[in-house]
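First the structure, in the form of structure tokens, and then the observations on it.
Every read-out reported here was derived from the displayed coordinates using simple, explicitly stated rules and does not represent laboratory data. Not measured: the values here are computed from a predicted model. A quick note on method: Cβ atoms are made from the backbone with ideal geometry, for glycine too, and the neighbour counts reach across all protein chains shown.
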Amino acid sequence: MDWNKLADVLVPDENVKPLDYYETLYPERDLPKGAQVTRLAPSPTGFIHLGNLFVAIANERIAHQSGGLMYLRIEDTDLKRKVDGAVDAVKNALKYFDIRFDEGAEIEGAENKYGPYYQRERAEIYHAYAKDLIRRGLAYPCFCTEEELSALREKQTAEKKITGYYGEYAACRNLTEEQIYENLKAGKPYVIRLRSQGNAENKLPFHDEIKGDITVTENDQDVVILKSDGIPTYHFAHAIDDHFMRTTLVIRGEEWLASLPIHIELFDVLGFRRPKYGHNCSLQKMDGETRRKLSKRKDPELGLEFYRQEGYNARAVKVYMLTLLNSNFEEWYMKNPDGKLEDFKFSINKMGKSGALFDLNKLSDISKNELAKLSAEEMFDVLQDWANEFGTDAQKTYFADKDYMLKVLTLCMGIGGKKRRKDFTTSKQAMEFIAYFFDNTFAPEYAYRFDNATVKKILQEFKATYAYEDDMPTWFDKVKAVAAANGFATDMKAYKADPTAYPGNVSDVAEMLRIAMTGLANTPDLWTIMQILGNERTLARLDKAIENL
Ligand code: GLU
């Protein structure tokens, strides 16, 4: 077989350059010793998920901490899965979490010397290397049709053999020169396959940066390297790209562990030094009693968009991800609750080897703590940013009177009080929480625990004595007076000694007022709420509640 000739026929010289050209074009990077070059290499499917963020944080931390860099590569070899605007979606999703790329697809201001960063724009390099493999007898054209391949799969399954294109099953591996040219002449579509040199009986020791020393089975599959349209497969493209983009460390999801043998062989036959690999554990959740992987279909919290839409505090999500990524992070964070996350020394050897349990409640707790660190001004900005993008028209109006909103936030966040309140979990929930302060979203249900006649009488009597100027003790004396006038206990000791002697106590009366004013049985301090609402609105709300009784 004249492999040189076949290589020239399949990949004409004018389409590619000599291999040295690429080595010179993309030289080794000039970085300090130990600096790591990492990347995020998503497919532009439009769906950016927590798993992407999980590895992005690890890659970003290790790159920047070591004085290296991280770049963004778009793996767009699968056109069927491509979605318009997906690259912006990736960048925006990660920007929210403050993940910085130093170079790559659409990274403005960067030198971007190792591009293009879209795989579809790198066809020439892949073709040059496919040609070289053909010339060396390490790759060949395969003319098998889809039907033939599925028949093969069925036969292998029936015979309980490993499925795939390998060894004796790799029909096109042994085509004669005549057969190949005949097929080409007949215009049969073909793919280019690797002629695997491996043997699945052989086990290889492998050092995974996260999993430690593991054993992998040698690849013997003649995997496709170029598809019939000349587009490479992920396996082939990533090996060439990681080499020429001079990647030193690949942290990726453990779902790629199964393909590792293919990647090892590809790097070997291409003559490239492999980057180090770390396969990161998957994110799991409890589903009833069982623990399972987060699923795109079942779990909205898998998509990164979820966190922006709900308005989770970005730092909280990052803190939680770091907690799951590095076993000593939580302890560091307890000591440095206000510290810069970059000051934590991230280490790859503290990454978990098996599944990380992701719990939305835990994230909510972290988020509450983070929000409780913000000033009213900061919270104002956080909520306004969220509302501009995701809020209803009514919610957008909350920001028109900044002083009013700051008062609301100061109260609801317990700023200036003995202890900060932790009622806010997300921007969405916070906006709902404060809805009663705004007439256009005040929609009370008035669920009182006493009969309407009693409540009505109490509200009327309170209204008659209410004065906006009253300070809190005076105001409370008036609440007590109304309570006493209606037989409610004002002395809690006496009430506890014999609760049946009273219809209720002063806090029940306060609750009636609270429900009338806010629609809710639990709120921050009621006197302050009335102060914020103002005299007119307080009286109007009392009237409205009375009318509804
Ligand atoms: N394009 C692959 C993905 O989206 C990248 C895997 C890798 O990081 O190597 O999952």
Notebook entry, point to check: Within the chain, what is the longest stretch that has no GluC sites (Glu not before Pro) placed in a DSSP loop and near at most 12 other beta-carbon atoms within 10 Å?
Noted result: 290-444
Next item on the list: Return the long-range amide H neighbours of residue 48 (sequence gap of 5 or more, or a different chain), with a cut-off of under 5 Å between placed amide H atoms.
Entry: 304, 305
Next item on the list: Subtracting the Cα-Cα distance from 0.36 nm times the residue separation, let me have the gained length for residue 171 to residue 493 in nm, one decimal.
Entry: 106.7 nm
Check: Under the definition of Cα pairs under 8 Å and six or more residues apart, what whole-number percent is the relative contact order of the chain?
Finding: 11 percent
Margin query: Between 0 and 90 degrees, rounded to the nearest ten: what's the tilt of helix 376-390 against the longest Cα principal axis of the chain?
Written below: 60 degrees
Checklist line | the range 494-506 - phi-based ³J(HN,Hα) in whole Hz, Karplus 6.51/-1.76/1.60, Gly and Pro as x | finding: 4, 5, 5, 5, 8, x, 6, 6, 10, x, x, 10, 4
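Is there a quick way to get the dipole size of the chain? I mean about its Cα centre, with the Cβ of Lys and Arg at +1 and of Asp and Glu at -1; what is the value in debye to the nearest 20?
On the way: 75 positive and 86 negative charges, 242 e Å.
With only Lys, Arg, Asp and Glu charged at Cβ, the dipole is about 1160 debye.
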Notebook entry, point to check: Going by Cβ distance under 4.7 Å, what cysteines of the chain have no possible disulfide partner?
Noted result: 144, 281, 412
Next item on the list: For the range 219-267, run through the trypsin sites (Lys or Arg not before Pro) and keep only the ones in DSSP coil with at most 10 other Cβ atoms within 10 Å of their Cβ.
Entry: none
Check: For the range 28-91 and the range 229-288, what is the separation of their Cα centres, given in Å?
Finding: 13 Å
Checklist line | lysines with Cα under 22 Å of residue 80, excluding same-chain neighbours fewer than 8 positions away | finding: 91, 227, 296
Check: In nanometres, what is the gap between the two model label sites at residue 25 and residue 357, each 7 Å from Cα along Cα-to-Cβ?
Finding: 5.1 nm
Notebook entry, point to check: What aspartates and glutamates sit close enough to residue 353 to cross-link, taking a C-alpha to C-alpha distance under 12 Å and skipping anything fewer than 8 places away on the same chain?
Noted result: 208, 209, 213, 254
Margin query: What does DSSP give for the chain in terms of the percent of beta bridges that are antiparallel, rounded to the nearest 5?
Written below: 55 percent
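Could you pull out the pairs from 407/496; 285/318; 82/298; 428/463 whose alpha carbons sit more than 25 Å apart here? Don't skip to the answer; put the middle values down first.
Numbers: 407/496 36 Å; 285/318 18 Å; 82/298 22 Å; 428/463 34 Å.
Pairs exceeding the cut-off: 407/496; 428/463.
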Next item on the list: For residue 5, go through the lysines and keep the ones whose alpha-carbon is under 16 Å away, minus same-chain ones fewer than eight residues off.
Entry: 131, 185
Check: Using Cα atoms only, what is the angle between the long axis of helix 314-325 and the major principal axis of the chain, expressed in degrees (0 to 90) to the nearest 10?
Finding: 60 degrees
Margin query: Skipping prolines and chain starts, which residues have an amide H placed within reach, meaning under 5 Å, of the one on residue 217, given they are 5 or more residues away or on another chain?
Written below: 204
Next item on the list: Along Cα→Cβ, 7 Å out, is where each label goes; now give me the distance between the ones at residue 268 and residue 293 in nm to one decimal.
Entry: 2.7 nm
Next item on the list: With θ set to phi - 60°, apply the Karplus curve 6.51 cos²θ - 1.76 cosθ + 1.60 along the range 335-350 and write out the HN-Hα couplings as whole Hz, x wherever there is a Gly or Pro.
Entry: 7, 10, x, 10, x, 6, 4, 5, 7, 6, 7, 6, 10, 5, 7, 9
Next item on the list: Describe numerically, in nm with one decimal, the distance between label points set 7 Å from Cα along Cα→Cβ at residue 309 and at residue 535.
Entry: 4.7 nm
Check: If the chain between residue 419 and residue 124 were fully stretched, how many nm would it gain, using 0.36 nm times the residue separation less the Cα-Cα distance?
Finding: 99.9 nm
Item checked: Using alpha-carbon coordinates, inclination of helix 535-547 to the longest axis of the chain, degrees -> 90 degrees
